[in-house]
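Report on one structure; see the data block that follows.
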Amino acid sequence: MPCAFSYSDIVPATALCLILVLFSTRDAGGVCLASNKITFPALFAFGDSIVDTGNNNKRFTIAKANIPPYGRHFPGGAATGRFGNGKVFSDLLAEGLRIKPLLPAYLHPVLQGEDLETGVSFASGGSGFDEFTVKLQNALSIKDQLNLFKECVRKLEGGIGQEKANATISKSLFLVSQGNNDIAITYFLFHFLLDIDAYTTQLVNSASSFIKDMYELGARKFACLSLIPLGYLPISRTFGGGFQ
């Protein structure tokens with residue numbers, strides 16, 4: 001999927017609003033996040049290509065972004081597996097929250113133990129809540145990502161101790177971008193077989209189940225993105241028209 005676009009062109013309005021909310025919302029005590037009195041020690045991202053920073057690089061899948069022209073505006077012009085011309089939303093959010101400039105992929109071959117302390121991305125381009133969506137592109141399912149997070153927690157506990165690891169997880173922000181491929185690919189390919197109300201209910205139930213699972217693992221702060229404007233995606237414009 002060629003990348004002849006600027007990533008900023010497709011960042012959803014909801015994602016931009018999320019940044020505004022994170023930097024302006026007050027808590028019960030009236031403290032503003034922009035005051036720097038409230039911070040997140042780490043950011044953990046789950047979902048699809050919007051927040052994938054390279055987890056598909058070693059997978060046998062067509063959903064890859066570690067080849068040109070991806071990354072042409074990334075430092076050094078490197079195609080790192082991010083589905084865009086530079087940083088993706090998980091990077092931008094980590095940077096905006098002053099956690100770190102880039103959010104590494106959990107499956108990066110040279111990931112360091114200390115990287116886990118400030119967060120990583122478990123997301124996989126092509127993923128969805130629907131298992132059929134996942135199989136179409138051989139992506140990491142949301143269950144796969146959950147299992148990787150469990151593994152990450154064990155590594156974190158081994159590195160900094162269980163008490164500190166639990167505290168880090170409870171105070172961290174968990175970013176979820178999922179469902180885009182379910183609608184853009186699975187539903188539109190097989191809409192004649194699917195009832196939209198039943199299908200979206202299925203997706204919502206899967207999302208709710210995932211959040212509950214994460215909560216049981218200690219996560220307390222979530223940022224869940226809605227669907228992006230799918231018609232702006234390069235693949236949508238390529239196959240559906242609208243090049244101008």
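Computed from the coordinates by the stated procedures, all read-outs in this text should not be read as laboratory data. Only a predicted model underlies this, so the values are computations on that prediction, with no experimental measurement involved. Here the Cβ is made from the backbone with ideal geometry for all residues, glycine too, and neighbour counts use every protein chain on show.
How would T133, T200, T186, T118 line up from fewest to most surrounding beta-carbon atoms within 10 angstrom?
Numbers: T133 26, T200 15, T186 23, T118 18.
Ordered from fewest to most neighbouring Cβ atoms within 10 Å, T133, T200, T186, T118 come out as T200, T118, T186, T133.
The modelled label-to-label distance for the pair I211/T61, using points 7 Å beyond Cα in the direction of Cβ, is 2.4 nm. Overall, region 41-115 carries a charge dipole of about 200 debye about its Cα centre when +1 sits on the Cβ of Lys and Arg and -1 on the Cβ of Asp and Glu, all other atoms neutral. For region 145-224, a crude dipole built from +1 on the beta carbon of Lys and Arg and -1 on the beta carbon of Asp and Glu, taken about the Cα centre, is about 460 debye to the nearest 20. In region 75-230, a dipole from Cβ-located charges (positive for Lys and Arg, negative for Asp and Glu) runs towards its positive end, and of G84, G125, L103 it is L103 whose Cα lies farthest in that direction.
The value of relative contact order for region 56-155, using C-alpha pairs under 8 Å at least six residues apart, is 20 percent. Reported value for region 66-213: 125 Å³ per residue, from the convex hull of its C-alpha atoms. Relative to the Cα centre, the charge distribution of region 88-201, modelled as +1 at Lys and Arg Cβ and -1 at Asp and Glu Cβ, gives a dipole magnitude of about 300 debye. Seen from L103, the other residues with C-beta closer than 11 Å to its C-beta sum to a net charge of -1, counting Lys and Arg as +1 and Asp and Glu as -1.
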